[in-house]
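Below you'll find the structure, written out as structure tokens, and then a few comments.
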């Protein structure tokens, strides 16, 4: 099980990181922007506190179960589809729960520790948590959605550099090389043609 999971680690990590957005709530700035938009469109006549409570109820549902009608229900009238699009979050406008982020960091830490057979500082829970925190709170010029494994690698290298300078450069390069090879192998496997074997039926008299 561990071996199979490790073989898919880069892909699983991508999914787990992007999945954090499924559990996110609008950050204060985004929540107020949505409030002002609904006020301007005459969709909401109550105060911001009540609007925030309605947002919490909506984003508290699993992402796949959220529907436009869920928001329309608490508005003064149904919104149009363009306004509804503004309710979609990115990592710049969403607030990721610290517990959810630490769960992903802990999963990655344990899998790397077991599979790489090392407890090196660069894969510590603290380093991986800070890496994910940096990745999921992007600056205005940085990517804010649909992260790929390489985005994690860049954030990881930057985090290690900020914490330890060049002290662990050689070690980090070795780990990144192994992980990138795993990623390349996954991509090779996914592009292999699928051979369909048609069973031969022999007719006998």
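The values are calculated or read from the model by the stated rules, or taken from the named source; none is laboratory data. Just so it is clear, the structure is predicted and the values come from calculations on it, not from any experiment. As a convention, Cβ positions derive from the backbone with ideal geometry for all residues, glycine included, and neighbour counts pool all protein chains shown.
Here residue 55 fits the description: in contact with a strand residue (DSSP E or B) (Cβ under 7 Å, 6 or more places away or on another chain), assigned to a helix (DSSP H, G or I) and farther than 30 Å from residue 172 by Cβ.
Scanning segment 151-167 for residues that are part of a helix (DSSP H, G or I) and without any contact (Cβ under 8 Å) to a residue 12 or more places away in the chain turns up 154, 161, 162. State yes or no: is residue 132 crowded, with 17+ Cβ neighbours inside 10 Å, touching a strand residue (DSSP E or B) at 6+ places or on another chain (Cβ under 8 Å) and in contact (Cβ under 8 Å) with a residue 12 or more places away in the chain? So residue 132 fails the test. Scanning segment 72-88 for residues that are more than 15 Å from residue 33 (Cα to Cα), assigned to a helix (DSSP H, G or I) and at pLDDT 95 or above gives a single hit, 72.
If only one of 13, 43, 21 is surrounded by 13 or more Cβ atoms within 10 Å (Cβ to Cβ), touching a residue at least 60 places away in the same chain (Cβ under 8 Å) and out of contact with any strand residue (DSSP E or B) (no Cβ under 7 Å at 6 or more places or on another chain), which one is it?
None of the other options fit; the residue is 13.
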